[in-house]
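Colleague: Here's a structure for you.
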Amino acid sequence: MGLAKPHAHSESGFTLIEVMVASVLLSIGLVVLAQSFTVGFAMVVRAQDNTMAQQKAREVLESVLTGRNTQNLTFDNIDNVGTGAGIFLTALQPLYQPGHDGIIGTADDADAGMETITLPGPDGVLGTSDDDVRPLTNYKRQIEITTLTDTLKQIKVTIQYTTLPGLTRSVVVMSYVSPYI
């Protein structure tokens, strides 16, 4: 029988190098996580601006079709200024509210003032006295109308807007209109 060997006691634990490597890996992970939150927030803001631009472009098309359907506009009026009886301004214009004619994008809109968006105030409830009303000064609108045939016109609405870092983006919506309801 052999003599029993004494058990060697080893001290286990983390070395300073292991702790430093783990700290570096944890720091890198936290930086990546913080950056993903920043990118996500920027995407939400960009999506909100893009949705607003699309909605404003669709409002123009609805205004034209409503004017035609209610006979406030003749088919000849659905054209750009300078092309006969056309009433729609051509160059990029600020987003003004519709003027007294009720049609978006015409010469009388500037008198109606800038379009605004109303956001809930500190109480979080829309429609109370602390609501935040912001003018849409970072948006511009252009309406281009092209006559395709005697009974068909193409309406191209471009909404251009500036995002927070100062980048210019555009949304284009197109539709067609005829003199027939």
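Every read-out reported here was derived from the displayed coordinates using simple, explicitly stated rules and does not represent laboratory data. In this text the structure is predicted, and so the values were computed from the model without any measurement. Here the Cβ is made from the backbone with ideal geometry for all residues, glycine too, and neighbour counts use every protein chain on show.
Colleague: Ignoring everything except DSSP H segments at least 4 long, calculate the 222 nm mean residue ellipticity for the chain; use -39,500 (n - 2.57) per segment, divide by total residues, nearest 500. Walk me through the numbers on the way to the answer.
Modeller: Values: 1 runs with 54 residues, N = 181.
Taken over the chain, the calculation gives -11000 deg cm²/dmol.
Colleague: Using label points projected 7 Å from each Cα along Cα→Cβ, tell me how many nm separate Glu144 and Thr118, to one decimal.
Modeller: 3.6
Colleague: Another question about this same structure. Who wins for biggest fluctuation among Ala85, Ala110, Ala22 in a Gaussian network model of the chain, springs between alpha carbons below 10 Å?
Modeller: Largest GNM mean-square fluctuation: Ala22.
Colleague: Also, I was wondering about something else. Match the structure shown to one of the listed values [x] 27, 21, 15; [y] 25, 17, 17; [z] 63, 20, 14 of semi-axes √(5λ) of the Cα gyration tensor in Å, computed from it, and give that label.
Modeller: Derived directly from the coordinates: [z].
Colleague: Can you list the residues, at least 5 places off or on another chain, whose amide H is less than 5 Å from the amide H of Gln93, using H built in the peptide plane?
Modeller: When sequence neighbours closer than 5 places are left aside, the close amide H contacts are Arg141, Gln142.
Colleague: Ok, one more. Using a basic spin-label model with each label point 7 Å from the Cα along Cα→Cβ, how many nm lie between Met174 and Glu18?
Modeller: 6.6
Colleague: If you don't mind, another one. Give me the net charge of Pro165's neighbourhood, meaning all other residues with Cβ under 14 Å from the Cβ of Pro165; Lys, Arg count +1, Asp, Glu -1. Display every interim value, and only then the final one.
Modeller: On the way: positive: Arg46, Arg169; negative: Asp49.
Neighbour charge sum, excluding Pro165 itself: +1.
Colleague: Which one, Asp111, Asp76, Asp123, has the greatest fluctuation when you compute a Gaussian network model over the chain with C-alpha springs under 10 angstrom?
Modeller: Between Asp111, Asp76, Asp123, it is Asp123 that shows the largest mean-square fluctuation.
Colleague: Can you give the local net charge around Asp101? Use residues other than it whose beta-carbon is closer than 12 angstrom to its beta-carbon, Lys and Arg +1, Asp and Glu -1. Walk me through the numbers on the way to the answer.
Modeller: Details: positive: none; negative: Asp108, Asp109, Asp111.
That sum, taken over residues with Cβ under 12 Å, equals -3.
Colleague: If R₀ is 41 angstrom, what is the calculated FRET efficiency for the pair Ala107 and Val39, using the beta carbon separation as r and rounding to 0.05?
Modeller: On the way: r = 43 Å, r/R0 = 1.04.
According to the calculation, E is roughly 0.45.
Colleague: Can I ask one more? Residues with beta-carbon under 9 Å from that of Lys56, excluding Lys56: net charge, scoring Lys, Arg +1 and Asp, Glu -1? Spell out each step's value before the answer.
Modeller: Values: positive: Arg58, Arg141; negative: Glu59, Glu115.
Value of the local net charge: 0.
Colleague: Continuing with the same structure: Expressed as an acute angle from 0 to 90° and rounded to the nearest 10, what is the orientation of the C-alpha long axis of helix 16-69 relative to the principal long axis of the chain?
Modeller: The angle comes out near 10 degrees.
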